[in-house]
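Let me begin by presenting the structure, written as structure tokens, before commenting on it.
Computed from the coordinates by the stated procedures, all read-outs in this text should not be read as laboratory data. Worth saying up front: this structure is predicted, and the values here are computed from it rather than measured. Cβ atoms come from the backbone with ideal geometry, glycine included; neighbour counts cover every protein chain shown.
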Amino acid sequence: MIDRPAGAAGIGRAGTGDRPVRTGTGPTAATAVRYALVPVRRLSLDAVARRSGLHPDLIRRFVALGLVDADRDASGHLVFDPTAPAVLARIQRLRSGLCLNYASIGLVLDLLDRISLLEAALRGRGTRSENPPWT
């Protein structure tokens, strides 16, 4: 992504179908817009269902619960990041392995993401936690 002032000549959004994203803070924040230099690869609901082995209705429920992120394309259909099948597999592992309900899975996913960020920060400083990660 590249930051360009609004109205600047140059490359437009490359078929993302999304609105430009305003970035930054301060007086120039209202004019800073990010444009994709290449098309962002997105997966349809059917493609995610095939790759994950889950029914599309179950995936729609996961989106409604906030367990997996999805956007809408220009025609109103759900589109997903290429990482969505891996997120869905993680949800299924937590559900079957720990017998968690879907509300608690959201909390566990948030905590696991937070742990990953903290471990990455430790690795960035050159220090390491005493125990290896359990996931």
Inset, instruction - Step through the residues of segment 49-59 one at a time and calculate ³J(HN,Hα) from phi using the Karplus curve (6.51 cos²θ - 1.76 cosθ + 1.60, θ = phi - 60°), rounding each to whole Hz and writing x for Gly and Pro. - result: 5, 5, 5, 8, x, 10, 6, x, 5, 5, 5
Legend entry - Net length gained if the chain between LEU65 and LEU37 were fully extended (0.36 nm per residue, minus Cα distance): 6.9 nm
Inset, instruction - Go through GLY124, LEU109, LEU67 and say which Cα lies farthest out towards the positive end of the charge dipole of segment 41-135; charges sit on Cβ, +1 for Lys and Arg, -1 for Asp and Glu. - result: GLY124
Inset, instruction - Would you mind computing, in nm to one decimal, how far apart the modelled labels at ARG50 and GLN92 are, each placed 7 Å from Cα along Cα→Cβ? - result: 1.6 nm
Legend entry - Evaluated over segment 34-135, the Cα radius of gyration and Dmax, each in Å: 16.2, 50
